[in-house]
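Novice: Okay, here's the structure, questions in a sec.
The values are calculated or read from the model by the stated rules, or taken from the named source; none is laboratory data. Just so we're clear, the structure is a prediction, and the values are computed from it rather than from any experiment. With ideal geometry, Cβ positions are generated from the backbone for all residues, glycine too; neighbour counts draw on all protein chains shown.
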Amino acid sequence: MADLSTNFLGIQSPNPFWLASAPPTDKEVNVRRAFEAGWGGVVWKTLGEDPPVVNVNGPRYGALWGPDRRVIGFNNIELITDRPLQVNLDEIARVKRDFPDRAVVVSLMVPVNELAWRNMLTRVEDTGADGVELNFGCPHGMSERGMGSAVGQVPEYIQQVTEWCKTHTRLPVIVKLTPNITDVRFPARAARAGGADGISLINTINSVIGVDLDRMTMSPATDGWGSHGGYCGPAVKPIALNMVAEIARDPDTAGVPLSGIGGITTWRDAAEFIAMGCGTVQVCTAAMVYGFKIVQDLCSGLGNFMDDKGYRTLDDFRGRAVPTVKNWNQLNLNHVEKAVIHQDTCIQCGRCHVVCEDTSHQAIWATKDGKRHFEVNDAECVGCNLCVSICPVPGTITMRALQPGETDARTGRVVDGSYANWTTHPNNPMRSGCA
């Protein structure tokens with residue numbers, strides 16, 4: 001039986017599923033309900049100095065829907081907690097006392113002032129919380145006040161504040177990074193240079209969810225006005241995975257403990273983040289769409305996957321996928337694949353032919369012996385995988401790698417199994433060894 005328990009920075013939890021710092025973790029009543037449902041931990045919604053911020057009393061969320069009205073993206077303009085600091089601290093202390101086996105990490109955001117951070121950290125320590133997460137990612141409302149992503153976009157600020165926190169608290173310090181930056185490796189390096197115990201990412205992406213074409217206003221709107229917000233949900237998962245991978249494989253940050261955030265909705269999503277190096281995963285949108293009991297599906301699904309693969313603990317596959325992530329110029333240009341359409345499950349919809357004919361390489365025939373029939377033309381197929389990606393029947397189109405000794409019908413070259421990449425290719429004017 002798979003063991004889902006985690007030890008992240010010395011913080012124990014019965015499973016890797018933590019609720020992210022967000023509306024679901026803003027109150028004691030919510031967190032208690034989450035723990036009763038089975039969540040392994042929470043990151044308490046971001047605390048700030050008194051007087052508390054003021055949120056709008058109107059629409060705070062907007063959704064991007066798929067054709068079946070399933071939420072694939074979520075936008076929010078809610079700020080950090082708008083409740084008094086002491087109220088939050090008292091609730092954190094009670095929750096941690098009553099759930100000693102669950103992880104309780106507190107998200108913090110205060111101005112770039114060492115005394116302010118020291119005072120806040122002292123008060124959080126007194127609650128018995130397990131750690132702190134520095135919110136350097138909020139893209140709306142707080143960045144205009146010199147906090148949130150305004151700090152996360154400046155590596156020097158990240159390092160400075162992290163150093164202050166490591167000086168003034170014995171708790172593990174997790175730095176939460178913003179995705180609203182050109183290269184996430186630089187803030188990650190700054191966090192590590194400042195002594196961060198771990199890194200969490202990603203925070204939300206700066207966004208406008210849409211426009212109300214009847215009223216000609218941004219959506220959502222409060223009293224006819226709208227504002228950019230933070231984008232999250234399943235649609236941001238590829239962006240989050242990329243940034244996690246960049247940090248996990250960067251020589252300057254490789255090995256730093258990671259907590260993955262961004263579109264985690266299923267056990268498979270969680271497993272992918274863990275395979276990319278994460279020790280825990282944080283969830284928000286899925287809980288807000290499906291409720292707290294979704295954690296039961298996440299745990300059972302992940303456990304079944306681990307049992308099927310023979311993984312006893314999360315560490316058995318954590319980071320296993322990281323070595324497979326390379327820069328493009330390291331990919332093997334001698335490797336050749338071709339698409340294969342399996343006729344026994346093909347429903348003859350023709351989508352593969354249409355997209356290949358219109359937008360790709362004209363490599364799929366539409367007829368055979370005068371009848372409707374879809375088959376790959378190896379002489380034109382470049383193995384781009386487009387047909388596999390759009391086929392509505394899983395497994396009907398697959399990719400086959402040519403083996404040494406086979407001839408690529410498109411180029412006439414015999415596959416010899418050797419490795420070559422762009423750094424040595426004769427077409428590259430900057431190739432290695434080029435005078």
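Novice: Considering only region 210-223, state which residues are touching an Asp or Glu at 6+ places or on another chain (Cβ under 9 Å), in a loop (DSSP other than H, G, I, E, B) and among the aliphatic types (A, V, I, L, M).
Specialist: Selection gives Ala221 alone.
Novice: Looking only at region 69-106, filter to residues that are out of contact with any strand residue (DSSP E or B) (no Cβ under 7 Å at 6 or more places or on another chain) and within 20 Å of Tyr231 (Cα to Cα); which one of those is surrounded by the most Cβ atoms within 10 Å (Cβ to Cβ)?
Specialist: So the residue we want is Leu79.
Novice: In addition: Test of understanding: among Arg249, Arg189, Arg268, which residue is surrounded by fewer than 23 Cβ atoms within 10 Å (Cβ to Cβ), without any contact (Cβ under 8 Å) to a residue 60 or more places away in the chain and not hydroxyl-bearing (Ser, Thr, Tyr)?
Specialist: Arg268
Novice: Mind telling me which of the residues Gly137, Gly194 ends up being buried (at least 22 other Cβ atoms within 10 Å of the Cβ), at pLDDT below 95 and in the same structural domain as Gly226 (by TED's automatic domain parsing)?
Specialist: Among Gly137, Gly194, only Gly137 is buried (at least 22 other Cβ atoms within 10 Å of the Cβ), at pLDDT below 95 and in the same structural domain as Gly226 (by TED's automatic domain parsing).
Novice: Give region 98-127 a look and list any residue that's assigned to a loop (DSSP other than H, G, I, E, B) and not basic (Lys, Arg), or say none.
Specialist: Phe99, Pro100, Asp101, Met109, Val110, Pro111, Val112, Asn113, Asp126, Thr127 - these are the residues of region 98-127 that are assigned to a loop (DSSP other than H, G, I, E, B) and not basic (Lys, Arg).
Novice: Every residue in region 224-239 that is in contact with a helix residue (DSSP H, G or I) (Cβ under 8 Å, 6 or more places away or on another chain) and in a helix (DSSP H, G or I), please.
Specialist: Step one: of region 224-239, the residues in contact with a helix residue (DSSP H, G or I) (Cβ under 8 Å, 6 or more places away or on another chain) are 232-234, 237.
Scanning region 224-239 gives Pro234, Lys237.
Novice: May I ask you to say which residue of Gly263, Gly279, Gly291 is crowded, with 22+ Cβ neighbours inside 10 Å, within 24 Å of Phe35 (Cα to Cα) and not hydrophobic (A, V, I, L, M, F, W, C)?
Specialist: Within the list Gly263, Gly279, Gly291, the selection yields Gly263.
Novice: Oh, and also: Take the residues of region 3-38 that are assigned to a loop (DSSP other than H, G, I, E, B) and of a type in the set (D, E, K, R): which is surrounded by the most Cβ atoms within 10 Å (Cβ to Cβ)?
Specialist: Asp26
Novice: Of a type in the set (Phe, Trp, Tyr) and within 30 Å of Gly277 (Cα to Cα), is that true of Trp422?
Specialist: yes
Novice: Whether any residue in region 360-367 is part of a strand (DSSP E or B), small (Gly, Ala, Ser) and either assigned by TED's automatic domain parsing to the domain that holds Ala275 or more than 30 Å from Tyr419 (Cα to Cα) (or both) is what I want to check. Even if it seems obvious, please write down each step before you answer.
Specialist: If we filter region 360-367 for residues that are part of a strand (DSSP E or B), which is where we start, we get 364-367.
Still in the list and also small (Gly, Ala, Ser): 366.
Add one more test, that the residue is either assigned by TED's automatic domain parsing to the domain that holds Ala275 or more than 30 Å from Tyr419 (Cα to Cα) (or both), and what stays is 366.
For region 360-367, residues part of a strand (DSSP E or B), small (Gly, Ala, Ser) and either assigned by TED's automatic domain parsing to the domain that holds Ala275 or more than 30 Å from Tyr419 (Cα to Cα) (or both): present.
Novice: Only one of these conditions is not met by Met399: (1) surrounded by fewer than 15 Cβ atoms within 10 Å (Cβ to Cβ); (2) of a type in the set (A, V, I, L, M, F, W, C); (3) at pLDDT 95 or above; (4) more than 21 Å from Trp328 (Cβ to Cβ). Which number is it?
Specialist: Going through (1) surrounded by fewer than 15 Cβ atoms within 10 Å (Cβ to Cβ); (2) of a type in the set (A, V, I, L, M, F, W, C); (3) at pLDDT 95 or above; (4) more than 21 Å from Trp328 (Cβ to Cβ) one by one, Met399 breaks only (4).
Novice: Can you tell me which condition Val56 does not meet? The list is (1) buried (at least 20 other Cβ atoms within 10 Å of the Cβ); (2) farther than 27 Å from Ala271 by Cα, and all the others hold.
Specialist: Tallying (1) buried (at least 20 other Cβ atoms within 10 Å of the Cβ); (2) farther than 27 Å from Ala271 by Cα, Val56 fails exactly one: (1).
Novice: Please specify each residue of region 320-355 satisfying the condition of being touching a helix residue (DSSP H, G or I) at 6+ places or on another chain (Cβ under 8 Å), under 17 Å from Leu386 (Cα atoms) and not β-branched (Val, Ile, Thr).
Specialist: Scanning region 320-355 gives Ala339, Arg351, Cys352.
Novice: With respect to Asn206, is the statement that it is at pLDDT 95 or above and either assigned by TED's automatic domain parsing to the domain that holds Trp65 or surrounded by fewer than 21 Cβ atoms within 10 Å (Cβ to Cβ) (or both) true?
Specialist: It is false that Asn206 is at pLDDT 95 or above and either assigned by TED's automatic domain parsing to the domain that holds Trp65 or surrounded by fewer than 21 Cβ atoms within 10 Å (Cβ to Cβ) (or both).
Novice: Going by what's in this entry, would Asn30 be described as within 24 Å of Gly224 (Cα to Cα) and either of a type in the set (S, T, N, Q) or not assigned by TED's automatic domain parsing to the domain that holds Arg118 (or both)?
Specialist: Considered against the rule, which asks whether it is within 24 Å of Gly224 (Cα to Cα) and either of a type in the set (S, T, N, Q) or not assigned by TED's automatic domain parsing to the domain that holds Arg118 (or both), Asn30 comes out as no.
Novice: Right, another one. Suppose the filter is within 21 Å of Ala22 (Cβ to Cβ), aliphatic (A, V, I, L, M) and in contact with a strand residue (DSSP E or B) (Cβ under 9 Å, 6 or more places away or on another chain); does Val161 pass it?
Specialist: no
Novice: Across region 292-334, what is the number of residues that are without any contact (Cβ under 8 Å) to a residue 12 or more places away in the chain and on the phi > 0 side of the Ramachandran plot?
Specialist: Of the residues in that region, 1 qualify.
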